[in-house]
1. Collect the residues in region A:104-130 that are part of a helix (DSSP H, G or I) and of a type in the set (V, I, T), keeping them in residue-number order.
2. Return yes when D:K64 is surrounded by fewer than 17 Cβ atoms within 10 Å (Cβ to Cβ) and either within 13 Å of DNA strand F (Cβ to nearest atom) or polar (S, T, N, Q) (or both) and no when it is not.
3. Output yes when any residue across region C:34-51 is within 16 Å of DNA strand E (Cβ to nearest atom) and in the same structural domain as C:T192 (by TED's automatic domain parsing), and no when none is.
4. Determine which member of the set D:P62, D:P10 is at pLDDT 90 or above, more than 15 Å from the chain's Cα centre (by Cα), of a type outside the set (G, A, S) and not in a helix (DSSP H, G or I).
5. Which members of region C:100-151 meet the condition of being farther than 19 Å from D:L179 by Cα and within 11 Å of another protein chain (Cβ to nearest Cβ)?
6. Answer yes or no as to whether D:R111 is of a type in the set (K, R), touching a residue at least 24 places away in the same chain (Cβ under 8 Å) and within 21 Å of C:P171 (Cβ to Cβ).
7. Among the residues that make up region B:78-87, is at least one of them in the same structural domain as B:L179 (by TED's automatic domain parsing) and at pLDDT 85 or above?
8. Being within 9 Å of DNA strand E (Cβ to nearest atom), modelled with pLDDT under 95 and closer than 26 Å to B:T114 by Cβ is the requirement here; does A:T2 meet it?
Protein chains: 4
Amino acid sequence: MTTTENRTRPANGGGVLRKKVTDAIIEAALAEVAKTGYARTSMDAVARRAGVGKATLYRRWPSKQTMLAELIRDKVTEALPPMPATSALSTDLRELLVTLRDQLSHPLVTRIGTGLLAEATHDATLDDLLQNEVAAPRRAAAHAILQNAITRGELPPNLNMEMGIDLLIAPLAFRMLMLKSPIDDQYIETLTRSIEAALKASS
Amino acid sequence: MTTTENRTRPANGGGVLRKKVTDAIIEAALAEVAKTGYARTSMDAVARRAGVGKATLYRRWPSKQTMLAELIRDKVTEALPPMPATSALSTDLRELLVTLRDQLSHPLVTRIGTGLLAEATHDATLDDLLQNEVAAPRRAAAHAILQNAITRGELPPNLNMEMGIDLLIAPLAFRMLMLKSPIDDQYIETLTRSIEAALKASS
Amino acid sequence: MTTTENRTRPANGGGVLRKKVTDAIIEAALAEVAKTGYARTSMDAVARRAGVGKATLYRRWPSKQTMLAELIRDKVTEALPPMPATSALSTDLRELLVTLRDQLSHPLVTRIGTGLLAEATHDATLDDLLQNEVAAPRRAAAHAILQNAITRGELPPNLNMEMGIDLLIAPLAFRMLMLKSPIDDQYIETLTRSIEAALKASS
Amino acid sequence: MTTTENRTRPANGGGVLRKKVTDAIIEAALAEVAKTGYARTSMDAVARRAGVGKATLYRRWPSKQTMLAELIRDKVTEALPPMPATSALSTDLRELLVTLRDQLSHPLVTRIGTGLLAEATHDATLDDLLQNEVAAPRRAAAHAILQNAITRGELPPNLNMEMGIDLLIAPLAFRMLMLKSPIDDQYIETLTRSIEAALKASS
DNA sequence: TTCTAATCGAGACGGTACGTCCCGTCTTGCC
DNA sequence: GGCAAGACGGGACGTACCGTCTCGATTAGAA
């Protein structure tokens with residue numbers, strides 16, 4: 001809630017951004033992005049589709065990037081962070097992988113995920129947003145799973161945490177974002193076992 | 001050598017794309033990309049820097065995307081595919097990871113890697129190019145390593161190959177392209193051992 | 001006021017072409033044309049001189065030709081048509097010739113008159129515009145003069161009108177547009193007498 | 001024969017501009033001009049149609065303008081100058097007008113006449129060529145007719161020559177080049193009588 | 001006949017301008 | 001004040017010609 005935290009601000013003396021309008025814009029933007037993809041989505045088109053003046057967009061977000069970043073962030077966030085754990089490492093693991101796959105399968109991610117990643121190279125704000133609000137919660141979940149397993153004694157206490165997290169997240173994320181290749185249950189099953197073994201071997 | 005394979009066409013009595021000019025353009029384009037990144041690199045700027053008319057660019061490549069794609073492809077290709085193997089799984093593995101890290105560290109990759117990935121979402125030609133000429137050779141190298149290890153008896157013959165390859169490549173690629181985070185030798189060392197364990201556990 | 005009659009559209013809740021900007025463009029275009037001539041005037045140069053984006057020109061006129069045509073048409077129109085008559089044929093005649101000379105001496109006419117004429121060969125719209133809005137009113141004035149003289153009995157009623165009008169207009173127009181040669185009062189004086197005689201001889 | 005006087009130069013050691021090639025170019029240029037008009041005729045198109053390299057054009061003429069100017073000049077010249085006179089003023093006059101009409105009706109004149117005129121505004125060389133080689137001979141013919149008539153006593157000796165010539169040439173030229181309107185025999189007949197009267201009235 | 005030098009075709013080259021599209025800002029009048 | 005509409009300055013896109021330059025192949029006059 002960085003750039004638009006005030007869009008639900010109840011009232012402040014006269015001018016309040018109207019929620020109805022904001023929602024119409026968001027819906028239009030999602031539709032436009034789904035149709036055209038990140039780089040080819042134009043603010044003019046979004047405004048037109050929403051039946052809204054362009055200034056109305058820029059009253060809410062400072063740039064196209066920011067708007068689309070917030071969109072994806074909200075979508076990914078509302079898809080709930082794949083929060084922690086329940087019982088044993090292998091089940092925690094499997095659950096996390098399934099959740100990740102589902103979230104990464106969301107058309108919004110498929111459509112503009114890499115676009116945002118690319119843009120983030122030149123836009124520190126955007127990069128922060130993606131790292132802190134999209135990546136971080138998922139890494140936190142992975143971290144919690146590993147920590148619990150260590151506590152339980154299922155994993156060695158000197159586990160390299162960063163690498164462990166990478167092992168949990170990277171294969172799925174890589175395959176879906178880079179190779180755009182779908183992932184079936186069999187793959188997840190095998191991956192679960194392999195990662196478990198990998199982690200345990202991290203003496 | 002798809003779009004410009006004829007630029008070194010030795011001669012045919014008349015207009016041949018001149019190597020000198022092509023080289024100047026490539027150099028200018030790389031410089032421009034290094035400075036500005038993929039999406040923000042303009043053909044006008046490249047032409048200006050190369051001291052060349054814009055038409056001269058379009059005589060060689062049909063569009064900005066194509067030009068930049070070919071550039072990175074050539075750069076990545078000339079960095080030679082990290083071809084396979086020598087002795088034992090663990091050494092093969094370590095060697096592959098080191099090579100990958102070095103190639104992914106190339107500023108060109110850092111700068112425009114994700115940009116191309118993003119553009120590929122909307123451009124089948126570009127997508128093919130990246131998958132077939134950049135990804136495929138690396139996956140082939142990984143495949144060879146695994147196959148050799150199976151032959152040697154170091155890995156189970158029923159190993160899920162696709163997943164095995166992902167395990168080898170994804171952690172590094174993910175960390176460098178997505179997190180833009182550097183990778184030290186310690187990381188590689190631990191990763192090598194973990195992946196080896198993971199693969200052996202793939203019953 | 002064909003293509004831009006709405007540029008003074010009083011208001012409709014939003015985007016209206018702004019008069020200030022339009023005026024700046026027109027001034028810049030006239031200056032540019034005066035400096036460079038019709039065919040060599042570039043939209044980029046006009047935009048630059050006016051401190052305006054190129055799209056702002058194309059929002060007003062669909063092409064360079066149209067813009068310049070409208071410019072000259074307005075200039076020539078505002079120089080008011082040399083409307084008719086007062087008393088006797090010879091004075092009417094002299095007055096018309098003087099007015100014509102002055103209008104044809106306008107630097108704008110000198111500069112781009114022939115350019116427009118040339119372009120009109122390939123552009124029916126432009127041709128119509130020139131014939132209907134520039135030529136026609138002048139021919140109408142000449143026609144009125146002749147008609148009045150016929151009514152008064154100064155000229156024979158079976159006068160070939162078209163030819164009569166040509167006799168009035170052609171020598172001046174030809175000399176100024178084709179030969180680019182100035183015309184002094186003596187020339188006009190002699191011409192007046194000659195044309196009068198010619199007309200009266202048209203039995 | 002200014003710019004290409006050497007194209008028939010019999011020989012000079014090896015390289016001579018080949019007449020066959022020159023003719024092919026001329027034919028192609030005329031065709032191209034007839035199809036497209038002056039301003040829209042491109043050297044590339046002429047070269048392509050002639051099956052000739054562009055340099056081959058520029059070996060013969062220094063610019064597009066010059067080439068087209070020479071073309072029209074030759075065409076108009078070969079249509080023979082409407083040289084003078086035979087007997088009485090009125091017959092001389094009629095003959096001149098008929099000749100003029102026929103020459104001005106030539107499609108080449110219709111097509112690029114005004115274009116050249118326009119270009120001449122910015123190109124002194126071209127202007128000279130048109131004035132000296134196209135206009136001058138016709139004015140000379142008109143001059144001869146008038147002079148003969150004066151000698152014969154048909155016209156007053158103090159006739160304003162320049163204006164007299166204009167009266168002979170302007171109406172036809174104006175009507176055909178500016179109004180692009182055809183001229184029938186009746187028009188010429190009336191015009192002949194009118195001009196004759198006008199000239200005689202030039203006290 | 002052989003030599004030799006300019007012409008030839010083809011078309012690449014540096015440039016300039018075209019008309020289009022989109023960004024993020026600004027302007028106008030209504031609610 | 002927000003809002004719809006859309007004009008605005010700016011800048012890049014890819015195209016079309018201009019007149020010049022670069023090739024190797026051809027052509028004919030001179031030796």
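1. Result: A:V109, A:T110, A:I112, A:T114, A:T125.
2. no
3. No, the conditions are met nowhere in region C:34-51.
4. D:P62
5. Answer for region C:100-151, where residues must be farther than 19 Å from D:L179 by Cα and within 11 Å of another protein chain (Cβ to nearest Cβ): just C:R111.
6. So D:R111 does not fit the description; no.
7. No.
8. The answer is no for A:T2.
The values are calculated or read from the model by the stated rules, or taken from the named source; none is laboratory data. Note that the structure is predicted; figures quoted are calculated from it, not measured. Glycine gets a Cβ as well: all are built from the backbone with ideal geometry, and neighbour counts include every protein chain shown.
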